[in-house]
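Each remark here refers to the structure printed beneath this line.
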Amino acid sequence: MAEDKLRLGAVGLTCRLIHGAARFPSPEVLAAALAASGTEMITVAVRRLHLDGDQRSELAALDLSAYTVLPNTAGARTAAEAVRLARLARATGLSDFIKIEVVGDEETLLPDPIATLEATRELVAEGFTVMPYCSDDVALCLRLAEAGATAVMPGAAPIGSTLGVLNPFNIRAIINRSPVPTIVDAGLGSPGDAARVMEWGAAGVLVNTGIANARDPAAMAAAFSAAVAAGRAAYLAGLAEHRPEGGYGASSPKDGVPAPLASATR
Amino acid sequence: MAVVRALSQAGNPQEVARGLRAEFEAESSWLTLRVNGQQRKCPPGTSVRGYLDGIGVVQDGIVIERNGEILKNADWAGIELAIGDELEVVHLVGGGTTYG
């Protein structure tokens with residue numbers, strides 16, 4: 001079988017689980033989860049250095065060169081703030097990738113679709129490899145792809161909620177309609193959630209809280225990774241189709257079955 | 001208190017007072033900056049690199065934005081900080097999602 005890699009910009013990922021790095025109990029647990037998952041891409045944020053006291057980032061213990069680093073613009077409330085964070089991230093010299101995140105609502109942290117599209121246009125023009133985190137809206141994803149996004153990253157549910165896929169119809173429609181890879185981001189709570197979207201044909205998933213908040217994050221990272229691989233394999237194998245229009249009782253062969261005895265019919 | 005103690009314990013209080021005054025005047029000539037949103041001071045003529053060394057920034061992966069413009073690392077040593085400069089000193093941290 002041909003190599004099955006997720007192509008994003010200049011990289012090809014064998015593991016289709018993109019790993020978050022926030023809210024882990026410790027840098028050691030984060031490192032263990034990354035290793036257990038086999039992930040090749042991790043997402044990180046741009047933040048002010050603590051001027052006093054411990055300046056060390058929890059990433060300091062990691063060999064970032066072992067991964068494709070996907071910086072995000074978490075914390076941005078406008079397109080301009082997202083663009084500024086993206087430029088700062090690229091100036092680290094670690095990555096030309098950017099995951100656009102622009103909060104549109106403080107309560108739910110759901111993304112601002114308009115600012116996300118504006119930031120996508122600007123950052124594509126500046127030569128970034130742009131992967132916008134966005135609402136689970138088909139038309140928006142088409143517009144993001146048209147604007148030059150390398151992949152679209154619709155949220156399954158609000159960030160950190162672990163609610164799973166709230167709108168399966170929309171996520172499936174995006175997977176089917178988007179001309180660029182669909183990576184389901186945010187809200188996936190269990191490996192089953194991840195497997196399900198991969199079975200539908202998602203190109204990958206991004207998981208953070210579902211792993212970081214598990215009782216044993218490293219074991220959960222491995223479970224998510226296995227689920228993503230299983231879902232992908234199932235998608236490639238071609239799922240047996242549901243046949244609701246044909247009723248539910250006609251799935252076994254009927255021809256050639258000996259007829260009931262005439263004497264028994266009465 | 002420290003000044004009173006220094007003067008009272010000194011063999012030559014006048015000389016010590018002059019020294020303290022010179023130190024104070026030097027300090028008052030320091031530039032006021034905003035660094036990561038906080039008010040900070042540094043002596044005139046301090047370069048960006050000198051300032052970072054002064055506050056103990058040693059790690060790699062730091063990006064400096066000065067008055068909204070990202071500075072190339074190679075330029076840090078040659079750029080002198082000016083009064084009212086706004087510096088952002090940032091780095092990458094763990095983060096997959098936006099948390100309030």
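The values are calculated or read from the model by the stated rules, or taken from the named source; none is laboratory data. If you're wondering where the values come from, they're calculated on a predicted model, not measured in any experiment. Here the Cβ is made from the backbone with ideal geometry for all residues, glycine too, and neighbour counts use every protein chain on show. To get the accessible areas, we keep the full protein, side chains included, count just its heavy atoms, and leave off ligands, DNA and RNA. Shrake-Rupley method; radii C 1.70, N 1.55, O 1.52, S 1.80 Å.
Which whole number gives the average, over all residues in A:201-208, of C-beta atoms from other chains lying within 10 Å of the residue C-beta?
Whole-number average of other-chain Cβ neighbours for A:201-208 is 1.
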**Report entry** Percent of Cα pairs exceeding the 18 Å cut-off, where the set is the stretch A:137-266
**Finding:** 62 percent
Report summary line: With the charge dipole of the stretch A:66-160 built from beta-carbon charges (+1 for Lys and Arg, -1 for Asp and Glu) about the Cα centre, the Cα from A:ALA74, A:VAL124, A:VAL138 projecting farthest to the positive end belongs to A:VAL124
Report task. Determine which aspartates and glutamates satisfy two conditions relative to A:LYS99: a Cα distance under 18 Å, and not lying fewer than 8 residues away in the same chain. Result -> A:GLU40, A:GLU81, A:ASP112, A:GLU118, A:GLU122, A:GLU126, A:ASP136, A:ASP137, A:GLU146, A:ASP185
Requested in this report: For every helix of n ≥ 4 consecutive DSSP H residues, a contribution of -39,500 (n - 2.57) applies; sum these over chain A, divide by its total residues, and give [θ] at 222 nm rounded to the nearest 500 deg cm²/dmol.
Outcome: -10000 deg cm²/dmol
Report task. Would you mind telling me which residue in A:PRO27, A:PRO217, A:PRO71 has the biggest mean-square fluctuation in a Gaussian network model of chain A, where springs connect alpha carbons within a distance under 10 angstrom? Result -> A:PRO27
Query - Ranked packing of B:82-94, A:190-202, B:47-59, most packed first, by mean Cβ within 10 Å - result: A:190-202, B:82-94, B:47-59
Report summary line: Among B:ILE70, B:VAL35, A:SER57, the residue whose Cα sits farthest towards the positive end of the charge dipole of the protein assembly as shown (+1 at Cβ of Lys and Arg, -1 at Cβ of Asp and Glu, taken about the Cα centre) is A:SER57
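Taking all protein chains as present, what is the carbon and sulfur share of the accessible area of the protein assembly as shown, in % to the nearest whole number, probe 1.4 Å? Mind showing how you got there, number by number?
Values: 9600 of 18370 Å².
On the protein assembly as shown, the fraction of accessible area on carbon and sulfur atoms equals 52 percent.
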Query raised in the report: What dipole magnitude, in Debye to the nearest 20, does the stretch B:30-90 give about its Cα centre under +1 on Lys/Arg Cβ and -1 on Asp/Glu Cβ?
Result: 180 debye
Report summary line: Charge dipole of the protein assembly as shown built from unit charges on the beta carbon (Lys, Arg +1; Asp, Glu -1), centred at mean Cα; most positive-end Cα among A:GLY192, A:PRO260, A:ALA36 is A:PRO260
Report task. Would you please calculate the Kirkwood hydrodynamic radius of the stretch B:30-90 over all C-alpha pairs and express it in Å, rounded to one decimal? Result -> 11.4 Å
Requested in this report: Can you check what the Kirkwood hydrodynamic radius comes to for the stretch A:58-100, Cα pairs only, in Å to one decimal?
Outcome: 11.0 Å
**Report entry** the stretch A:19-129 - Rg and Dmax from Cα coordinates, angstrom
**Finding:** 14.7, 39
Query raised in the report: Debye sum, Cα scatterers, chain A, no solvent: what log₁₀ I/I(0) at q = 0.07, 0.08, 0.14, 0.17 1/Å?
Result: -0.28, -0.35, -0.94, -1.38
